[in-house]
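These notes are about the structure you will find just below.
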Amino acid sequence: MDAERFCEYAKEALAHLYDRAYLQTHPLVHLLIRRRSGRVDGHALQQVLLDAIEALKPSADVPYESLAWRKYRYLYLRYVQGMPIAELADDLGISLRQCRRYSQEALKAIGDILWDQYQDSLKSKGGEEPSDPASGDLTESVRDLASAESPIDAEVVRLETLGRATMSPLAEVVASVMTTMRPLATRRGIDLRFTVSEELPAVTIERTILRQALISLLSLGIESFERTVTMSAEGTSQDAVEIKISGQFDRRSRCLVGVDRLEHDDRWSIARHLLQTQRGTCEAVATPEGRLLISVVLQSIGQQKVLVVEDNLDAIQLYQRYLSDSSFRVVAAVDPAEALSCTLAEKPAIILLDVMMPSRDGWEVLQTLKGNPETLQIPVIMCSVLKERDLALALGAADFLVKPVRRPELLMALNRLVAPSGGVRPN
């Protein structure tokens, strides 16, 4: 973690000071907040930011017209009070250009304070530096798992680091699991059957984790059931899919019969644990006749549309490749003049907006979008080689990415704007 990147994180967090849901998953939580017990919500990081602003408050003997007071007043009015830039400049009695200079100096001061806290934290931990969350995009639940000693948890962390919120085609995954398990079933004299509709939607779960969970459950069934093991999958609602594994217990075997005793089998525990890390559930119901039905319920959220306003076709293709296996789908507008009409027609969940475009730059497009009541609430992520994060946030952008954009950074920015329910957070 370098100081420049850390300061960018600080600016970003300040711009969302009162959005605790946003702060909940911000990288600074991972870098600054110690988890002593339980979950840490956005309130902890919010308080750290407020304390940093107060740390810059001059003492009473410092003249009120001094630069130190103006920097503090800028931070307090801009972020604590939420005052617009134009009103803030009037309040301080300075020009917009001077206001921008104060902004840079004040934000650097905040970044320095938090950077010192971060360095002190490293020293207290013996110099061991945590990984930058943006490089792997660890989710809250997975970061909690990272401290566990279980090898399974470590593998879940590793898989999650490779790509968050990936979409897995359920029909293909189930078919691949059946191909993997069929030799074992044949060897045990079990008829393995499955029925899966090709129309099933993709599910929001990492493919390898889903495969291993189903393999563990089928392995348990092949060993415990007699003659036939069946697996089926069907959509139960607009946002959920259920996979059922069923069979008749083999009374001649020494297997444990009874749902309450499944906890004694490692395969059952592993499958449930893996699914829970991906917000899935796994339950079992037994009948008096000795049949067992295992039900796996997975979330299925339709892909959300991302409008890319970009005149460079290579960049558009890059974004499409980045998001090809994610819960986002790219649509593009190559002419900035068509950005508003395209937004109204496509109704995207999020807009990815370039700055340097011919005839009309991204700043003008952003102002147009924020000035239209029908597009005002759509979050916009600005992308540019120009490091103008402060300007982007002042104009109403939800986030800012420096080009060339990396896939982990893009996914992290998009996922921050997606609410847990699958909707988009208000901008």
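Of the residues in the stretch 191-226, how many are over 13 Å from V174 (Cβ atoms) and of a type in the set (A, V, I, L, M)? Summing the residues that are over 13 Å from V174 (Cβ atoms) and of a type in the set (A, V, I, L, M) in the stretch 191-226 gives 3. Within the stretch 279-329, the residues that satisfy the criterion of being touching a Phe, Trp or Tyr at 6+ places or on another chain (Cβ under 7 Å) and part of a loop (DSSP other than H, G, I, E, B) are G290, Q303. Only one of the numbered conditions (1) more than 36 Å from the chain's Cα centre (by Cα); (2) crowded, with 16+ Cβ neighbours inside 10 Å is violated by S103, and that is (1).
Yes or no: S246 of a type outside the set (K, R), crowded, with 16+ Cβ neighbours inside 10 Å, touching a Phe, Trp or Tyr at 6+ places or on another chain (Cβ under 9 Å) and modelled with pLDDT of 85 or more? Yes.
Can you go through D325, D399 and tell me which one is within 20 Å of R5 (Cβ to Cβ), at pLDDT below 95 and within 25 Å of the chain's Cα centre (by Cα)?
D399
Could you grab me the full set of residues in the stretch 171-211 that are acidic (D, E) and farther than 18 Å from R227 by Cα? Talk me through it step by step, then tell me what you get.
Going through the stretch 171-211, the residues acidic (D, E) turn out to be 172, 191, 198-199, 206.
Scanning the stretch 171-211 gives E172, E198, E199, E206.
Quickly run through the stretch 359-385 and pick out the residues that are within 16 Å of A345 (Cα to Cα) and either surrounded by fewer than 16 Cβ atoms within 10 Å (Cβ to Cβ) or among the hydroxyl-bearing types (S, T, Y) (or both). Once the filter is applied, which keeps residues that are within 16 Å of A345 (Cα to Cα) and either surrounded by fewer than 16 Cβ atoms within 10 Å (Cβ to Cβ) or among the hydroxyl-bearing types (S, T, Y) (or both), the stretch 359-385 yields T368, N372, P373, E374, T375, L376, Q377. Taking the residues in the stretch 74-95 that are out of contact with any Asp or Glu (no Cβ under 8 Å at 6 or more places or on another chain), part of a helix (DSSP H, G or I) and without any contact (Cβ under 8 Å) to a residue 24 or more places away in the chain as candidates, determine which candidate is nearest to D19 (Cα to Cα). Taking the candidates together, the pick is Y76. Restricting attention to the stretch 169-186, the residues that are modelled with pLDDT of 90 or more and either charged (D, E, K, R) or touching a Pro at 6+ places or on another chain (Cβ under 8 Å) (or both) add up to 1.
The values are calculated or read from the model by the stated rules, or taken from the named source; none is laboratory data. Treat the numbers as computed from the prediction; the structure is a model and nothing was measured. Note that each Cβ is placed from the backbone with ideal geometry, even for glycine, and that neighbours are counted across all protein chains shown.
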